[in-house]
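The structure under discussion appears below in the form of structure tokens.
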Amino acid sequence: MHRQRKPTLNAYTSTVATSAEGAQAFPIPDNVFAETVTKVRHYTDRLFRFRTTRPASFRFRSGEFVMIGLPNAERPVFRAYSVASPAWDDELEFFSIKVPGGPLTEYLQKVKVGDTILMRKKPTGTLVIDALLPGKRLYLLSTGTGVAPFASLIRDPDVYEKFDEVILVQTCREVAELDYARELYEEVVNHEFLGELAAGKLRLYDSATREPHPRQGRVTDLIDSGKLFSDLGVLPFDPATDRAMICGSMAMIKDTKDRLEHFGLVEGANNAPNTFVVERAFVG
Ligand code: A2P
């Protein structure tokens, strides 16, 4: 006989979430946080940012990611999202792509202030300062939403205690997609407390590939041509002083990693710190 799978009573709390677009709301699984959306901002038709309340017990290291979902199904779809806000922030921030027909982002892009976001309780990830050996200059190399973990790191005072220079690099297809990181950069350098720490240390180097821009081209091409280094007025990557984190698509990670390895940098991990670390940006 066919037996229908039903959740056991104790698998769910009695709370029912507020869901996007007035869709049917399902009970919230008891092993996740249910947080409320506090702000939403759309940058382009492909990228948006949202902020949520933060559970009092939720601790994470800058650069880590969590699994995010929506209460729009009995078994919600969860996807990895880097926490873009710093550890000291009362709220959580996320930067997301909108994938037409994407199992999560198709719905997530419609969230409004007051809606509920589900979040699994355990953060994880390799884009953390602890996975790097001490160094002088930190490169944060990203494309698109890959900038999200770095949005957290550049707002972390610890980064400026550990490095003399922090260079945030982002390549996007369109110029408007670079706005999120530009605004963040301005926010940090003008921040009453962070601004002092980041002064003379934080630098932004962005480029666009599909629209005219003063720094046209992929980050990999800018490394190959040497333009990245000459524009910044620094010597090419040096494993003695330089550290790097990479976050982007699989192809971007592979191509950027090849460049770093060419200059003698070595991939590290939480349990084996070295001169660079990588993480795939969320897509889908
Ligand atoms: P391009 O416009 O030449 O494809 P996407 O939105 O597809 O993730 O791309 C974000 C940015 O990353 C785009 O500017 C894109 O450039 C660039 N990009 C895509 N693939 C790579 C790669 N293998 N190495 C470096 N940059 C890449």
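The values are calculated or read from the model by the stated rules, or taken from the named source; none is laboratory data. Owing to the predicted nature of the structure, the values given are computational and were not obtained by experimental measurement. Backbone-built Cβ (ideal geometry, glycine too); neighbour counts: all protein chains shown. Accessible surface is based on the protein model in full, side chains and every heavy atom, while ligands, DNA and RNA are left aside. Shrake-Rupley method; radii C 1.70, N 1.55, O 1.52, S 1.80 Å.
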For residue 122, state whether it is touching a Phe, Trp or Tyr at 6+ places or on another chain (Cβ under 7 Å) and charged (D, E, K, R).
no
Just the residues that are within 11 Å of the ligand (Cβ to nearest atom), within 16 Å of residue 140 (Cα to Cα), free of Cβ contacts under 8 Å to residues at least 60 places away in the same chain and not charged (D, E, K, R), please, taken from the range 198-237.
207, 220, 222, 223
Checked the range 64-102 for anything among the aliphatic types (A, V, I, L, M), within 21 Å of residue 129 (Cα to Cα) and either open to solvent by less than 30 Å² (accessible area, probe 1.4 Å) or at pLDDT below 95 (or both); matches are 66, 83, 84, 87, 92
In the list 116, 124, 171, which residue meets the criterion of being closer than 27 Å to residue 234 by Cβ and polar (S, T, N, Q)?
171
Can you tell me which residue in the range 260-276 is nearest to residue 222 (Cα to Cα), limited to those that are within 16 Å of the ligand (Cβ to nearest atom) and crowded, with 20+ Cβ neighbours inside 10 Å?
260
Search result, residues across the range 37-50 that are open to solvent by less than 50 Å² (accessible area, probe 1.4 Å) and in a loop (DSSP other than H, G, I, E, B)
43, 44
Test of understanding: among 116, 105, 126, 53, which residue is more than 30 Å from residue 202 (Cβ to Cβ), of a type in the set (S, T, N, Q) and either touching a residue at least 40 places away in the same chain (Cβ under 8 Å) or surrounded by fewer than 23 Cβ atoms within 10 Å (Cβ to Cβ) (or both)?
116
Within the range 157-174, is even one residue modelled with pLDDT of 95 or more and over 25 Å from residue 86 (Cα atoms)?
yes
Please work out which residue is nearest to the ligand (Cβ to nearest atom), limiting yourself to the range 129-155 and to residues that are assigned to a helix (DSSP H, G or I) and open to solvent by 10 Å² or more (accessible area, probe 1.4 Å).
144
Of the listed residues (211, 187), the one being out of contact with any Phe, Trp or Tyr (no Cβ under 9 Å at 6 or more places or on another chain), in a loop (DSSP other than H, G, I, E, B) and open to solvent by 50 Å² or more (accessible area, probe 1.4 Å) is 211
From (1) crowded, with 17+ Cβ neighbours inside 10 Å; (2) under 18 Å from residue 158 (Cβ atoms); (3) not small (Gly, Ala, Ser), pick out the condition that doesn't hold for residue 247.
(2)
